[in-house]
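**Student:** Got a structure here, written out as structure tokens. Questions coming.
Laboratory data are not the source of any read-out in this text; all were calculated from the coordinates shown. Bear in mind that the values here come from a model prediction, so they are computed numbers and not experimental data. A quick note on method: Cβ atoms are made from the backbone with ideal geometry, for glycine too, and the neighbour counts reach across all protein chains shown.
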Amino acid sequence: MTEDAMSAHIATPAYRLLAELERHFDHIVEGVEEMVDAWQASGLPAWSFDQPQGVDAKWLKHVLSDVWYEDGQDGRATRSHIGLVAVNEATLKKACAVNTAKADFAKVLADIRKEAPTLVPEIKAVIPFRHPELHTHLKGTGLARLHLKQCWRALPIAEAPVAKVRLAWYSSGRSITRLSVAEAERRLMALDNAADHIRIQLKRLAGIPSQEPLAQVQRQAPLMRANLFFAEPLANGKTRRALNVALPLLVPCPSGKLPDHNIPPSSPPVERKRARRSDERLEDEMFLPSLRVYRYRQ
């Protein structure tokens, strides 16, 4: 087998995965359109945290199709669209189909990251061209590439009619993960170890005991949490449920009306004291800036 033939043979499974991913993306786009059409036909109400004056099918399609990076957007950050949407059985069925397509997309994406990670940049750049309407929308809007997490995140759905919803900001402040010196070294080496700032950090790491635990700190973005109070107990006896909502919450509404809900503050609260107390165990100065790693106080 020639070198070119061997390369083509090796690449084939990866591109089959890419074709499968594109198919699931098509199902997401088509499913959202069908779901919005079903909701519009139902004539049921909706409420948006950002547009309290009123929303329509155009708004719903926009927020459910928001799967793009904006210029300058942090790759780790996602945009949220908080709201409530009353749905009937027909809309709920379409929404479940969208979530199935999103789960399939996420599964294939995980396979690609494992087996052919070099395809990921191509995925972000090429998939928008599959839908001319979406690609045309991107031109001149500052939206250039596919945001993979915003693409596969599921639509939040209440599993039964709800009497009331209480929305509240939730912030866990920071998450702290313990790392060994060896793991920190491995992660630094995976970066550009020829760069001066990486060599400096590797030298700094070599100067501490190999058994010393380190702390990697990740700041957690505030989330909106919905506390649902069901109209009737569920089959398992539960009467309430809490879930994080980054997209409009879909609520079955046999009455044709949205459940009672509050209006949360326009911005999240300051970081909680509990998170600050946990950080007191760490030194003030970051030890390995490239990894956001601190040493514990001795």
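**Student:** Quick one: which of 229-241, 22-34 comes out on top by average Cβ neighbours within 10 Å, and what's the full order, highest first?
**Tutor:** Highest-to-lowest ranking by the protection proxy: 22-34, 229-241.
**Student:** Contour minus end-to-end for residue 223 and residue 182, with contour as 0.36 nm per residue of separation and end-to-end as the Cα-Cα distance?
**Tutor:** Separation in residues times 0.36 nm, less the Cα-Cα distance, equals 11.4 nm.
**Student:** Taking +1 at the Cβ of each Lys and Arg and -1 at the Cβ of each Asp and Glu, which of 165, 182, 223 sits farthest along the dipole of region 160-230 towards its positive end, judged by Cα position relative to the Cα centre?
**Tutor:** Farthest along the dipole direction, towards plus: 165.
**Student:** While we're looking at this one, here's another question. How large is log10 of I(q)/I(0) for region 178-238 at q = 0.21, 0.22 Å⁻¹ when the intensity is taken from the Debye formula with one equal scatterer per alpha-carbon?
**Tutor:** Evaluating at q = 0.21, 0.22 Å⁻¹ gives log10 I(q)/I(0) of -0.90, -0.94.
**Student:** For residue 208 and residue 242 in one chain, what is 0.36 nm times their gap in residues minus the Cα-Cα distance, to one decimal in nm?
**Tutor:** Details: separation 34, 0.36 × 34 = 12.24 nm, distance 4.36 nm.
Computed gain between residue 208 and residue 242 is 7.9 nm.
**Student:** How do the peptides 257-267, 78-88 rank, highest first, by the average count of neighbouring beta carbon atoms within 10 Å per residue?
**Tutor:** Peptide ranking by packing, descending: 78-88, 257-267.
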